[in-house]
Structures are given as C-alpha cells and as structure tokens.
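The next block holds one structure in the form of structure tokens; read it before the comments.
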C-alpha cells in the first residue's frame, strides 16, 4: 500500500551516519530498506525535510538519494519524490513454478501460509557472513548442528519452562526434515500413526513415506474432540501421534494446559509417542497466557521446530528436541537424511534467536494487523462464511455455507486468485465446506483477494460439481 514515511521514523532508523555523510546515509537507508524496516513502495521524506532532521546539507541528502536509486533501493517518480524499492522489484521474491498458471504474472497466491522476511533479516545475514570465515578452516560438517545454535534453541525451551540441554537438540534442514527424521526413527512399515484432521498435508506425506498407516481424528473448527482422540488412542494403539497443539495448521486452534495434561496422560496410557509440531508456537498474536510446551505434559514427546514461519521461509533451518536417552536413535535417523544444515543459515538463525527480536515480535505485529484486515473484510463482504479469529498462527479456517470449496477455488483461479480448498488438509477425504486463507500477504493484497472471493462466490450460483483442483502445498 503506497504512502509516505514520516521524517522522524527515517531519522530514527538511520541513526549515526558514517563518513562520508552522503555515502554513509545511502548505505544506512539501503540497509533499513533491505531489512524491511522501511516498507516498499513508500515515499521517502523530501530532501529538505530529511536534511533538517539529520542536521545535514540538502546537497548531501540529494547525493545519498541518487546513490540509493543507482543501487536499486529507490526510484524517482516525476513530481512526487523518491520511493522505496528493492533491486529487481518485489516480483523477484516469488517463484511461480508451483502456481496452477505459472506464466500468469497477475496471479495472487493465497495458497502459501508463509510471511515475508522478518524485519532485520538482512542484517542477520550480514552478521552471519562476517562470522563465517572462522568456520572455513574446518571441513564444514556439523551434522547435529552448530553448538551455539543448539544451545540457543535449548535456552528458548528453558525460558518456556521446559528444562532442555543442548545435546537434546538436533538441527535439521527445515521442519519437514525434522518430521521426516522423527518418522524414520519411530515408524516402520504398517505402524499406525494418529493425525489430526484437518492437518498439514506435507507432514502426513512424510509419515506415509516411512510406511505408516494414518489414523485420522477430526478436529472441529471450535476445538479438539479429546474424547474421540482418547478413544482412537485406546482402540488403534498407534505407535506415534503427529500433533500441532500450537495454532494448529490450518485451524489456528491452541490446546490449553489442562487439555495438554489430559492428552499427555492418554498418550502415556497408549504408549504412543507424540511428534509435536511447534512450527507456529512463536506466532501468538494476542496478550494471552501461553501454554507450556507439549513436552512438559508428555515426557516422551519429540518436538519439531523451525525458522520458516516466525522468520522467513527461505531460512531452511529446523530442529528436533528429543528426550534424554533417545539422542542416539534420532541421531542415526537424522544422519540418514543428510549431513547437516548449511552453516551460513545456522549462523543466521543463531543471530536471530540471540538478538533483540528473538521472539519475532515485529513479525507478530505485522501478522496481527494483516489478520484483522482479512477478518474484517470477510465479515463485511461474506457475512455468511463462518470462521473464528485465531489468537495466533498464519491463517483463517473458513467454513462455507455449502460444500463447494473446490468449485470456489476453480472460480477464484479464473479470476487470478489461488486458494486452497479444505480437501487438501483431509488425510482421508472430506472437508469440502472449508477453505484456508492465510493472512501472510500485505493488507492491500488481502483486501483485493476478498473482492475476488466475493465475486467468485456470487458467481458460483449453486454449482456443486467441480472436481478438486490439483494443489501443491508448501506451507
């Protein structure tokens, strides 16, 4: 959404300017734009106003703006000043290969529940690059993860009330790799594994590739049916259970401490090991009490975490937290996948976790505003759709008045909007009345998407006979 950036904000972000002033100012401005601290397509202060605020000459600011434009971090618009941008433009940040019509540049993708990079990520990469030479004299293999990163992850669990040592943490190339390692360690051909429905489909794929037979337990839009889950644990006696208790994907539900206690006891009775996906655990968007990690309620639980939801999807680093005494089993499984996550990305994540925004509060503030914008627009334009506003996570789980989610997805696609019908999240079929709508895009995009949803919904005209569109879901 275009607009103007207040002069005071730019001056505060620029801070101390290295000499010479014109190139130092250009460097600082490029840094804060690259870091996302200044949004794209926004008008920078006039040269006169910024010069006054910074105590510089107007000539200095003019030269700095010129350098900024030459570097691709700004563009001049005739008669309207200098506007922020990034080299190559925002379109460069999107790989369209997974879209139904990859050559259609105007397509808006709401199938991927992953936000843009957290502000400050570019600086974390710069700091990591500066630290990298210290590792170049060695072979570069850290199959279990950099010691400093493992300790930073362990410290996060300790601060959440779950005693954890660094040797309980195994670093992986993303959360999906962590799930795959857990499946390889715990499951064999024919073993039963309990999963929620709806559920993150890529996790189910990893479980099935390990040879597991999936037993699905419904999760209602308003909460878990723990009676049904206990019955399934008792009757199926699954070897493992894949659970997302923290802002469940796609429903956004949060399991409270009492429910976790009850579920932990049921898992213990069934001798079922929980594989707990905490990918969304940091994305709490309200000032509410945060439950203790599921592993505090189930001592045998294997916890999966990752950096892609809280920080950036391109930062492919995940981890496993395993109970004491099981490290060797999971180490063997982890080494069966690859020989370690890239060193640079591990250094970046260490910078983020130990820095001032280690809890991703800037990301959460942005997501909160986008969530509220999407929810408000849906309530106004499509009042017969049912959804609850989640206290965290990345998406709204919307129930339609009739089971036409697949038809709606096709109708939206004709109008340049890609959405995901509920059937994608159904491990055993169904959920034809649901769609997942992530609020990970800028507010202007979300409002435009609701306009398309309204038009497509109106155009459906009672149709029920459209087959599910093929969807490759990555987040």
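Read-outs: derived from the displayed coordinates by stated rules, not from any lab. What you see is a predicted model; the values in this text were computed from it and never measured. Positions of Cβ are backbone-derived with ideal geometry, glycine not excepted, and every protein chain shown enters the neighbour counts.
Would you mind calculating the gained length between residue 454 and residue 326 on full extension (0.36 nm times residue separation, minus the Cα-Cα distance), in nm to one decimal? Mind dumping the intermediate values first?
Working: separation 128, 0.36 × 128 = 46.08 nm, distance 5.16 nm.
Length gained, residue 454 through residue 326: 40.9 nm.
In terms of the Cα gyration tensor, with a ≥ b ≥ c the square roots of its eigenvalues, is region 259-342 rounded because a/c is under 1.5, prolate because a/b exceeds b/c, or oblate?
oblate
Projected onto planes of every orientation and averaged, the convex hull of the alpha-carbon atoms in region 174-307 covers 7.2 nm².
Looking at the chain, what % of its DSSP beta bridges pair antiparallel, to the nearest 5? Taking every DSSP beta bridge with both residues in the chain, the antiparallel ones total about 55 percent. Using C-alpha pairs under 8 Å with a sequence gap of at least 6, the mean separation divided by the residue count of the chain gives a relative contact order of 18 percent. In this label model, residue 292 and residue 365 are separated by 3.2 nm, measuring between points 7 Å along each Cα→Cβ vector. Where does the Debye-calculated log10 I(q)/I(0) of the chain sit at q = 0.13 Å⁻¹, using only Cα point scatterers of equal weight, no solvent? These q points yield log10 I(q)/I(0) values of -1.26. Axis angle, to the nearest 10 degrees, between helix 361-381 and the longest C-alpha principal axis of the chain: 80 degrees. Ranked by the mean number of other Cβ atoms within 10 Å of their residues, highest first, the peptides 134-142, 431-439, 377-385 come out as 431-439, 377-385, 134-142. Taking the longest Cα principal axis of the chain as reference, the axis of helix 405-414 is set at about 30 degrees.
Each residue, residue 339 and residue 268, gets one label point 7 Å from its Cα in the Cβ direction; the gap between the two is 4.3 nm. Helical runs (DSSP H, four residues minimum) scored at -39500 (n - 2.57) apiece and divided by the length of the chain put the mean residue ellipticity at 222 nm at -12000 deg cm²/dmol. Over every pair of different alpha-carbon atoms in region 329-369, take the mean of 1/r and invert it; report that Kirkwood radius in Å. So the Kirkwood estimate lands at 12.6 Å. Helix 121-131 and the long axis of the chain differ in direction by around 90°, with both axes built from C-alpha atoms.
A crude spin-label estimate for the pair residue 235 and residue 158, with each label 7 Å from Cα along the Cβ direction, gives 4.5 nm. Let me make sure I get this right: for region 123-354, a, b and c are the square roots of the gyration tensor eigenvalues over alpha carbons, sorted descending. Under 1.5 in a/c it's rounded, otherwise prolate if a/b > b/c, else oblate. Which is it? The shape class here is prolate. Once you order the gyration tensor axes a ≥ b ≥ c over the Cα atoms, which shape class does region 395-452 get: rounded for a/c under 1.5, otherwise prolate or oblate by comparing a/b with b/c? Prolate, because a/c is 1.5 or more and a/b exceeds b/c.
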